[in-house]
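Novice: Attaching a single structure in structure tokens format; questions to follow.
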Amino acid sequence: MEEETDPRADPDALTVLVVEDGPGLAGSLVRGLDRAGYRATSVGTGLDALTRVPTPDVVLLDLGLPDVDGIEICRMLRRQSDLAIIVVTARGEEGDRVAALDEGADDYLVKPFGLAELLARIRAVLRRIRPAGPELLAHGPLVVVHAPVR
């Protein structure tokens, strides 16, 4: 089961991979992310997530996958890349949250959740992972670079 985004979507949009074995939820997430301006796809297994090329900007990772535990997938993804990983799962126990965050998840969201909160969490994680670069202001031959102070 893999749901692809609309091929007419903005090619410069950030990409999101939804790793979710429930086809109904995966499809709803992909459609909601597409409407929000992301290029989203979904896979139903952890192994499919590990072999995804090109690497997405953000992974929404369910922990209850049919082939490999999601925490192990999180660990493997983190070894491969510094992409954003947000765990989206029904597992709400503190031990699961701590394990996922310790293994490389950037955020953790327990089902059920609203799309607005998910989108806010994606934006927050991306702000931390991809801070805004310098702003270029140009007027004729004059170019001014304004870099944010940290």
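Novice: Suppose we filter segment 42-55 for residues that are within 17 Å of LEU119 (Cβ to Cβ) and either open to solvent by 80 Å² or more (accessible area, probe 1.4 Å) or free of Cβ contacts under 8 Å to residues at least 40 places away in the same chain (or both); how many remain? I'd like the intermediate steps shown before the answer.
Specialist: Applying the first criterion (within 17 Å of LEU119 (Cβ to Cβ)) to segment 42-55 yields 42.
Those still in the list that are either open to solvent by 80 Å² or more (accessible area, probe 1.4 Å) or free of Cβ contacts under 8 Å to residues at least 40 places away in the same chain (or both) too: none.
Qualifying residue count, segment 42-55: 0.
Novice: Another question, if that's okay. On the given criteria, is ARG8 open to solvent by 60 Å² or more (accessible area, probe 1.4 Å) and either at pLDDT 95 or above or within 23 Å of VAL110 (Cβ to Cβ) (or both)?
Specialist: Working: open to solvent by 60 Å² or more (accessible area, probe 1.4 Å): yes; either at pLDDT 95 or above or within 23 Å of VAL110 (Cβ to Cβ) (or both): no.
Against the criterion (open to solvent by 60 Å² or more (accessible area, probe 1.4 Å) and either at pLDDT 95 or above or within 23 Å of VAL110 (Cβ to Cβ) (or both)), ARG8 does not qualify.
Novice: State all residues of segment 104-113 that are in contact with a strand residue (DSSP E or B) (Cβ under 9 Å, 6 or more places away or on another chain) and not hydrophobic (A, V, I, L, M, F, W, C); if no residue qualifies, say none. I'd like the intermediate steps shown before the answer.
Specialist: To start, the set of residues in segment 104-113 that are in contact with a strand residue (DSSP E or B) (Cβ under 9 Å, 6 or more places away or on another chain) comprises 104-111, 113.
The answer is GLY104, ASP106, ASP107, TYR108, LYS111.
Novice: Sticking with this structure for a sec: Could you list all residues from segment 97-126 that are within 15 Å of VAL59 (Cα to Cα) and among the charged types (D, E, K, R)?
Specialist: Passing the criteria: GLU103, ASP106, ASP107, ARG121, ARG123.
Novice: Run down ARG91, ARG121, ARG79 and say which single residue is open to solvent by 40 Å² or more (accessible area, probe 1.4 Å), out of contact with any strand residue (DSSP E or B) (no Cβ under 8 Å at 6 or more places or on another chain) and basic (Lys, Arg).
Specialist: ARG79
Novice: Residues that are at pLDDT below 95: find the strands (runs of 3 or more DSSP E) completely inside segment 36-143 holding 3 or more of those. Write out each step before concluding.
Specialist: On the way: elements: 39-43, 58-61, 84-89, 107-110, 135-139.
Counting at least 3 such residues, we get 135-139.
Novice: Now for a separate question. Count, please, the residues in segment 94-118 that happen to be open to solvent by 60 Å² or more (accessible area, probe 1.4 Å) and under 16 Å from the mean Cα position of the chain (by Cα).
Specialist: Taking segment 94-118 as the starting set, the residues that turn out to be open to solvent by 60 Å² or more (accessible area, probe 1.4 Å) are 94, 97-98, 101-102, 112, 115-117.
Still in the running and under 16 Å from the mean Cα position of the chain (by Cα): 101, 115-117.
Counting residues in segment 94-118 that are open to solvent by 60 Å² or more (accessible area, probe 1.4 Å) and under 16 Å from the mean Cα position of the chain (by Cα) gives 4.
The values are calculated or read from the model by the stated rules, or taken from the named source; none is laboratory data. Source: prediction; values computed, not measured. Cβ sites come from the backbone with ideal geometry, for glycine too, and all protein chains shown count toward neighbours. Accessible surface areas use protein heavy atoms only, side chains included; no ligands, DNA or RNA. Shrake-Rupley method; radii C 1.70, N 1.55, O 1.52, S 1.80 Å.
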